[in-house]
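Written below as structure tokens is the structure these notes are about.
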Amino acid sequence: MAAPAGRPYADGEDTVHVVPDSRNLPAEFSEARFPLLVERLGLAIDSGGPGRYRGGLGYDKHIRMLVDAHFMSIADRSILSCWGLAGGRAGRPFEVVIDPGGPNERVVDALADAEPVRADEVIRIRTTGGGGWGDPLTRPVAEVLRDVRWRKVSVQGARRDYGVVLIGDGDDVAVDEPETTRLRARLAAARRADEPFFDRGPGYARLSGGRACADVDHR
């Protein structure tokens, strides 16, 4: 599964099948053939890169093992995010966590082979989100509110990434217009004057040893 980036005219699509042999099997099919339970499968909130046009979301899948087993993964994009463009931000990278919130919680590399998993432990898989396109502070407030109501962006993400302040909760969440105007102005004023065209995410800086990255296309 992949999550395409935002485009100059529209948000990216969510969890699109583009890679051979990566189709999502129905939970009932998997549970009937393997000793596991699929406890959750849905869109990974806040995984799409913020932008005027938001990147597509990856998915969030929780698998509970019923017997001792070994986990294997051959995914990528666990360090290098899908890039944001023209002021958009990078999407969230691929991540696997075993026993999230439990006593044995641990992050597993995207290229893992025979990682031990105990019976009753949960494997949480969050796939890569697409990068955003354009300045997220210019995304219409109504579209950010809609994303929050659709559980694609969290209330915290709306404030942090889009400068949109929300009040209330659930389906009754609403925009605090005066606070949103003030917050967006503060966030815009705090930006660098030379924002790069590409946002490669924090993993790129980590791989490059923390050196400043020139605004060029490294393929």
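Bear in mind these aren't lab numbers, they're just calculated from the coordinates by the rules spelled out. These numbers were taken from a predicted model, which means no experiment stands behind them. Cβ coordinates were reconstructed from backbone atoms using ideal geometry, including for glycine residues, and neighbour counts include every protein chain displayed.
Here is how the numbers come out for the structure above:
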item	result
Backbone HN-Hα couplings from phi across the range 116-131 [Karplus 6.51/-1.76/1.60, Hz, Gly and Pro as x]	x, 10, 7, 4, 6, 7, 9, 9, 9, 10, 10, 7, 5, x, x, x
Euclidean distance between Cα centres, the range 160-199 to the range 36-108, Å	25
Placed amide H near ASP120: partners under 5 Å, 5+ positions off or other chain	MET65, LEU66, VAL67
For the range 27-200: relative contact order, % (alpha-carbon pairs under 8 angstrom, 6 or more apart)	26
Estimated distance in nm for a label pair at SER208 and TRP150, the labels positioned 7 Å out from Cα along Cα-to-Cβ	3.3
Per-residue ³J(HN,Hα) for the range 99-112, Karplus 6.51 cos²θ - 1.76 cosθ + 1.60, θ = phi - 60°, Hz, x for Gly and Pro	6, x, x, x, x, 10, 4, 7, 8, 10, 4, 5, 9, 10
Farthest toward positive dipole pole in the chain [+1 Lys/Arg, -1 Asp/Glu at C-beta], among PHE29, LEU137, PRO93	LEU137
Cα shape, the range 94-195, gyration tensor, a/c 1.5 rule	prolate
Relative exposure of ARG124, ARG160, ARG89, ARG182, judged by other C-beta atoms within 10 Å (fewest first)	ARG182, ARG160, ARG124, ARG89
Total charge dipole magnitude, the range 1-127, about the Cα centre, Cβ charges on Lys, Arg, Asp, Glu only, Debye to nearest 20	540
Only Lys, Arg (+1) and Asp, Glu (-1) charged, at Cβ; the chain dipole about Cα centre in debye	660
For ILE167, ILE79, order by how many other beta-carbon atoms lie within 10 Å, fewest first	ILE167, ILE79
The chain: radius of gyration over Cα atoms, expressed as a fraction of 2.2 N^0.38 Å	1.10
The range 136-163 residues near the modelled ARG186 label - backbone nitrogen below 14 Å, point 7 Å along Cα→Cβ	159-163
Listed residues LEU80, ALA69, LEU187: farthest to the positive end of the dipole of the chain (Cβ charges)	LEU187
Most fluctuating residue given options ALA189, ALA69, ALA44, as computed from a GNM of the chain linking Cα atoms under 10 Å	ALA189
Stretchable slack from GLU13 to PHE197, in nm (0.36 nm times residue separation minus alpha-carbon distance)	64.1 nm
Within the range 133-206, chymotrypsin sites (Phe, Trp or Tyr not before Pro) in DSSP loop having at most 13 other beta-carbon neighbours inside 10 Å	TRP150, PHE197
